[in-house]
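Asker: To start, I am sharing the structure in question, which I have written as C-alpha cells.
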Amino acid sequence: MIELAAAAAGATISAAFLGFNAHNRRTAEGRDCLIRLSTSVDNVACRLEELHNDLRSERMEIFARLSAAEQKIARLEGRSHQS
C-alpha cells in the first residue's frame, strides 16, 4: 500500500515537473519569437526611412533640374519674342 502511494506521489511530482518545464519552454519560445519580430520590424522601419530619404533627395534633385530647365526655356522664349 505504501508502494502505491509512493508511486502515485512520484508520478504526480513527475507530471507537475514536466508540465512546468513545458510551460517554461513555451514561454521562452514566445519570448524569442517576440524578439525576432521586434527586430524585424525595426529593420523594416530603418530600411523604409532610408528609402524615404533617398526618394526625398532624388525629388530635390529632379525639381532643381526642372527649375534650371524652366529658367533656360524662359530665357530662350524671351529671346525669340524680342527678335
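Read the figures in this text as sums done on the coordinates, not as results from a lab. Computed from a prediction, not measured in an experiment: that's the story for all the values here. A quick note on method: Cβ atoms are made from the backbone with ideal geometry, for glycine too, and the neighbour counts reach across all protein chains shown.
Asker: If you place +1 on the Cβ of every Lys and Arg, -1 on the Cβ of every Asp and Glu, and leave all else neutral, what size is the dipole of the chain about its Cα centre, to the nearest 20 Debye? Before the final figure, lay out each step's value.
Answerer: Details: 11 positive and 11 negative charges, 72 e Å.
Roughly 340 debye, rounded to the nearest 20.
Asker: Can you give the calculated 222 nm mean residue ellipticity of the chain, where each DSSP H run of n ≥ 4 adds -39,500 (n - 2.57) and the sum is split over every residue, rounded to the nearest 500 deg cm²/dmol? The partial results should precede the final answer.
Answerer: On the way: 1 runs with 81 residues, N = 83.
Helices in the chain give a 222 nm mean residue ellipticity of -37500 deg cm²/dmol.
Asker: Can you pull the Rg over Rh of the stretch 1-46, Cα-only, Kirkwood? Provide the component values of the computation, followed by the final result.
Answerer: Working: Rg = 19.9 Å, Rh = 13.3 Å.
Rg/Rh for the stretch 1-46 comes to 1.49.
Asker: Take Ile2 and Glu61, extend 7 Å from each Cα along the Cα→Cβ direction, and tell me the distance between the two endpoints in nm.
Answerer: Roughly 8.9 nm, to one decimal.
Asker: Now for a separate question. Give me D for the chain in µm² s⁻¹, whole number, from Stokes-Einstein with Rh from the Kirkwood sum over alpha-carbon pairs, 25 °C and 0.890 mPa s. Walk me through the numbers on the way to the answer.
Answerer: Values: Rh = 19.9 Å.
Taking Rh from Cα pairs, D becomes 124 µm²/s.
Asker: Then there is this: Helix 2-82 versus the longest principal axis of the chain: what is the Cα-based angle in degrees, 0 to 90, to the nearest 10?
Answerer: 0
Asker: Where does the Debye-calculated log10 I(q)/I(0) of the stretch 36-83 sit at q = 0.23, 0.27, 0.29, 0.32 Å⁻¹, using only Cα point scatterers of equal weight, no solvent?
Answerer: -0.80, -0.89, -0.93, -0.99
Asker: Just rank Ile2, Ile73, fewest to most, by other beta-carbon atoms within 10 angstrom. Don't skip to the end; give the middle numbers.
Answerer: Working: Ile2 6, Ile73 10.
Listed from fewest to most nearby Cβ atoms, that is Ile2, Ile73.
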